[in-house]
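Step one of this worksheet: look at the structure below.
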Amino acid sequence: MNQPVQRANSFDEWSPLREVIVGSGLAYEAHDVDLSFKLFFHDVVHSSFYYPAYGTAAADVAPSRRALNRRYVEELNEDLEGFAAALTAAGVVVHRPVALREPIEFRTPAWRASMIPALNVRDQAIVLGDEILETAPQVRARLFENDLLKRLFHDYFAAGSRWATMPRPIMTDRSFDTSYVSGANTPAMQDVPHITDSEFDCGFEMMIDAAQCVRLGRDVIVNVANANHRLAATWLSRHLGDRFRLHTLHRFADNHIDSLVLPLRPGLLLLRNPGVAKSLPKPLRDWDHLYAPEPSDCGDSRYADDDLLVASPYIDMNVLSLDEHTVVANSLFPELITVLERAGLTVIPVQHRHRRLFGGGFHCFTLDTVRAGGQEDYFGSVSWSSD
């Protein structure tokens, strides 16, 4: 879109949206199904059509390629263009990453993978005030994904924004804390028996996605489910200092939480169900709650047994707020639109057909770089009971 950028400014999920980066799905041809992929998507994929068994050591060294139906990719990109057009029509300046024209295979000293496009751009970057902060990836194929955003980040830096990057992980097998999967929390989980040693091993490394964070002005909540997340949250706390108050949620989910809880405005949360509400820290239990309707199908019946679903059936609650009164929601989930409208919200319906195949909704697809307003303190010195 080649429009000039302003200095980054975003403290929450609901202030009036001025500028946003919308991801691209071009050249999304396949998933690299390796150890990192299986660990990251365990909660979702385990209960889906594909059981992510951890195979022999030899099989896990070389990732298997799970091809994506080309028609689904084409329709994903049609829907992304419609989404970007709807945001532009609403007065939001839309930026796009560099388009990946074809998959790029790459190799590190420890492993190899194929790069995927910058589709879910909220996963590996977060804007906290005037700072763009790149987080450390958890899936090997995404190690260089943010390179497709670097041109925009340079523009924001030139406009006066801060820009920082969490240390890049080496991502050997022993970098990953597998306890969430192989622990005793649930009998559905399984052992991860084949972990290969490497001369590059340095123990658990910091790895976390920005979509594990929810911004609430002065306060930021961070979901921590394993040692990788814990190291990253410690780095984040030290880096931010006293600019924000960080609060950790212990194993609220395996990683991302924006299809569990999403603030729509001060005092109002969109939640998956009442069980999620009970797990929130007390300050958020005191806010008003909207509950997303139980999804019935999400179009899943159209898919074949070898189509890999990598998002929760609740992915449609992953809405994007344009301001305290307006949200973009999937037109294919009218039941949710009704719930939002009954709460007094104006809904801009946009089609998103294959949300479970590509692991993201409208919140995932966007990095809100500029919102109006400043850093508000909604909680003061109240105690966060889950800390």
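Here are some notes:
- Strands (runs of 3 or more DSSP E) wholly inside segment 88-128 containing at least 2 residues that are under 24 Å from Met166 (Cα atoms) and touching a strand residue (DSSP E or B) at 6+ places or on another chain (Cβ under 7 Å): 105-107, 112-114, 125-128
- Meets criteria (surrounded by 17 or more Cβ atoms within 10 Å (Cβ to Cβ) and out of contact with any strand residue (DSSP E or B) (no Cβ under 8 Å at 6 or more places or on another chain)) for Leu270: no
- Among the residues making up segment 9-45, those that are in a helix (DSSP H, G or I) and aliphatic (A, V, I, L, M) are Leu35, Leu39, Val44, Val45.
- Sub-8 Å Cβ pairs linking a first residue in segment 197-210 that is more than 19 Å from Arg230 (Cβ to Cβ) to a second residue that is surrounded by fewer than 21 Cβ atoms within 10 Å (Cβ to Cβ), at least 6 apart or interchain, are Asp197/Arg174; Ser198/Ala110; Ser198/Arg174; Phe200/Pro109; Phe200/Ala110; Phe200/Ile170, ordered by first then second residue.
Conditions (1) surrounded by fewer than 22 Cβ atoms within 10 Å (Cβ to Cβ); (2) touching a strand residue (DSSP E or B) at 6+ places or on another chain (Cβ under 9 Å); (3) at pLDDT below 90, marked per residue:
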| residue | (1), (2), (3) |
| --- | --- |
| Leu17 | no, yes, no |
| Ala27 | yes, no, no |
| Ala30 | yes, yes, no |
| Ser48 | yes, no, yes |
| Tyr51 | yes, no, yes |
| Ala57 | yes, no, yes |
| Asp60 | yes, no, yes |
| Glu75 | yes, no, no |
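- Hits in segment 237-273 (condition: in a helix (DSSP H, G or I) and either touching a residue at least 24 places away in the same chain (Cβ under 8 Å) or over 19 Å from Thr135 (Cβ atoms) (or both)): His239, Leu240
- Residues that are more than 16 Å from Leu68 (Cα to Cα) and over 19 Å from the mean Cα position of the chain (by Cα) within segment 300-313 comprise just one, Ser301.
- Restricting the search to strands (runs of 3 or more DSSP E) fully inside segment 274-387 and requiring at least 1 residues that are surrounded by fewer than 18 Cβ atoms within 10 Å (Cβ to Cβ) and in contact with a His (Cβ under 8 Å, 6 or more places away or on another chain) gives 346-350.
The values are calculated or read from the model by the stated rules, or taken from the named source; none is laboratory data. This one's a predicted model, so the numbers in the text were calculated from it and none came from an experiment. Cβ: placed from backbone, ideal geometry, glycine included. Neighbour counts: every protein chain shown.
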